[in-house]
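A.B. asks: Before anything else, here's the structure in question.
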Amino acid sequence: MPEGDTLARTAAGLRPYLVGRRVSAARARAPGPQVERVVGATIEAVETQGKNLLVRFDNGLEIRTHLGMNGSWHRYPSGARWRRPAARARLALEVPGSIAVCFDAPVVELFEQRAEHRHPALARLGPDLLAPDFETAEALRRMRDPARAALPIAEVLLDQRALAGIGNVYKSEVCFVERVDPFAAIGSLDDETLHRLLATGRRLLAANARPGGRAERVTTGGSPHADGPLWVYDRAGRPCRRCGTPIAARRHGELPRRTFWCPRCQAGTGAERGRGTTRIDGEGHR
């Protein structure tokens, strides 16, 4: 699933071609929203909130897309051949010189901007880690909600109602960078540790959200210990880039998702105490 950095890069790539331009044609695959209502309107903004991409129009309407696991936005010059079949297009917005197409997204909806603060998905989002005015205190307050006290920190980092933008890759990478047990109950972690996790999450997301940067997501930076882009994600059974211990992986949570970690660098992991989880070996088998 695209994470906050991917959506930020996508929005940055669309803005120069869409913002300030009048919509000449709009269509959505049925059943879908009546996007023809934006024809004739000018696009005022292309923004993100967590894993949501928002297109705002000067007639007071707004389109929200959530890309799920397989969705993506493409931008083509007018008349150019699309790289994916038209049957997979959920939404197409045409402006002079360009067409923006959203493929395979499970969520495409149209609503009035004035209702955004009451939107059932957007109104519940926690502070966005990529927002310039990220509210650290509010994120900590939400993470410290008593209902989350017994949850593993890895699951809280994924909870978009606590903080928005982190997905499965960053969940594992942030915990590794800060040497935090991903299965530790959040109630057992002090505020200093949570501050470090938030700061590292913001730093890594921002580094990979820069327009014009590398398409490959990198969390290892210029570390002398790293010979690849990621520390632990999707590296089950391979040696830790820090200490050589085989990286472990486990499925957990409601969905469930895989978490990757180093049993030595993140000592005291408590992974074997997790309920309803599955160990995954180096070949990816259960």
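Bear in mind that the values in this text are calculations on the coordinates, not laboratory data. Model, not experiment: these values are computed from the prediction. Cβ atoms come from the backbone with ideal geometry, glycine included; neighbour counts cover every protein chain shown.
A.B. asks: Report the percentage of all Cα-Cα pairs in the chain whose separation exceeds 35 Å, rounded to a whole percent.
C.D. replies: Details: 9859 of 40755 pairs.
Counting pairs separated by more than 35 Å, the tail of P(r) holds 24 percent.
A.B. asks: Now, a different point. Under the Kirkwood approximation for Rh and a Cα-based Rg, what ratio Rg/Rh is obtained for the stretch 189-239? Don't skip to the end; give the middle numbers.
C.D. replies: Working: Rg = 13.0 Å, Rh = 12.7 Å.
Computed over Cα atoms, the ratio is 1.03.
A.B. asks: Let me ask something else about it. Evaluate the distance, in nm, between pseudo-label points positioned 7 Å from the Cα of residue 21 and of residue 234 along their respective Cα→Cβ axes.
C.D. replies: Inter-label distance under the simple model: 3.1 nm.
A.B. asks: Also, quick follow-up: Using θ = phi - 60° and the Karplus relation 6.51 cos²θ - 1.76 cosθ + 1.60, list the HN-Hα couplings for the stretch 160-165 in order, rounded to whole Hz, with x at every Gly or Pro.
C.D. replies: So the J values, rounded to whole Hz, are 5, 7, 8, 8, 9, x.
A.B. asks: Between 40, 222, 253, where does the largest GNM mean-square fluctuation fall for the chain, given springs only between Cα atoms within less than 10 Å?
C.D. replies: Top of the fluctuation ranking is 222.
A.B. asks: How many angstrom lie between the C-alpha centres of the stretch 136-164 and the stretch 39-64?
C.D. replies: Between the Cα centres of the stretch 136-164 and the stretch 39-64 lies a distance of 28 Å.
A.B. asks: Grab the other residues whose beta carbon is less than 14 angstrom from that of residue 25, score K and R as +1, D and E as -1, and report the net. It would help to have the intermediate numbers written out before the result.
C.D. replies: Values: positive: 21, 22, 27, 37; negative: 36, 94.
With Lys, Arg at +1 and Asp, Glu at -1, the neighbours total +2.
A.B. asks: Please check: in the Gaussian network model of the chain (C-alpha springs, under 10 Å), which one of 119, 74, 252 has the largest mean-square fluctuation.
C.D. replies: 119
A.B. asks: Out of 162, 189, 32, whose Cα points farthest toward the positive end of the dipole of the chain (charges: +1 Lys, Arg; -1 Asp, Glu; placed on Cβ)?
C.D. replies: 32
A.B. asks: By how many degrees, 0 to 90 and rounded to 10, does the Cα axis of helix 191-209 deviate from the longest principal axis of the chain?
C.D. replies: Orientation of helix 191-209: about 40 degrees from the principal axis.
A.B. asks: Quick one: among 57, 134, 183, which has the greatest mean-square fluctuation in a GNM of the chain with alpha-carbon springs under 10 angstrom?
C.D. replies: 134
A.B. asks: A further question on this structure: Taking only Cα atoms, what is the 0 to 90° angle, nearest 10, from helix 4-18's long axis to the longest principal axis of the chain?
C.D. replies: It works out to around 20 degrees.
A.B. asks: On C-alpha positions alone, give me the angle between the axis of helix 168-177 and the longest principal axis of the chain, in degrees, nearest 10.
C.D. replies: Long axis of 168-177 versus the principal axis of the chain: about 40 degrees.
A.B. asks: Could I have the simple spin-label model distance between residue 78 and residue 115, label points 7 Å from Cα toward Cβ, reported in nm to one decimal?
C.D. replies: 3.2 nm
A.B. asks: Also: What do you get for Rg/Rh of the stretch 4-118 when both radii come from the Cα atoms and Rh is the Kirkwood radius?
C.D. replies: Working: Rg = 12.8 Å, Rh = 13.9 Å.
For the stretch 4-118, the value is 0.92.
A.B. asks: Would you be so kind as to identify which of 16, 61, 74 lies farthest towards the positive end of the dipole of the stretch 4-118, taking Lys and Arg as +1 and Asp and Glu as -1 on Cβ and the Cα centre as origin?
C.D. replies: Comparing the listed Cα positions along the dipole, 74 ranks first.
A.B. asks: Placing unit charges on C-beta atoms (Lys and Arg positive, Asp and Glu negative, everything else neutral), compute the dipole magnitude of the chain about its Cα centre in debye, rounded to 20. Spell out each step's value before the answer.
C.D. replies: On the way: 45 positive and 32 negative charges, 158 e Å.
My answer is approximately 760 debye.
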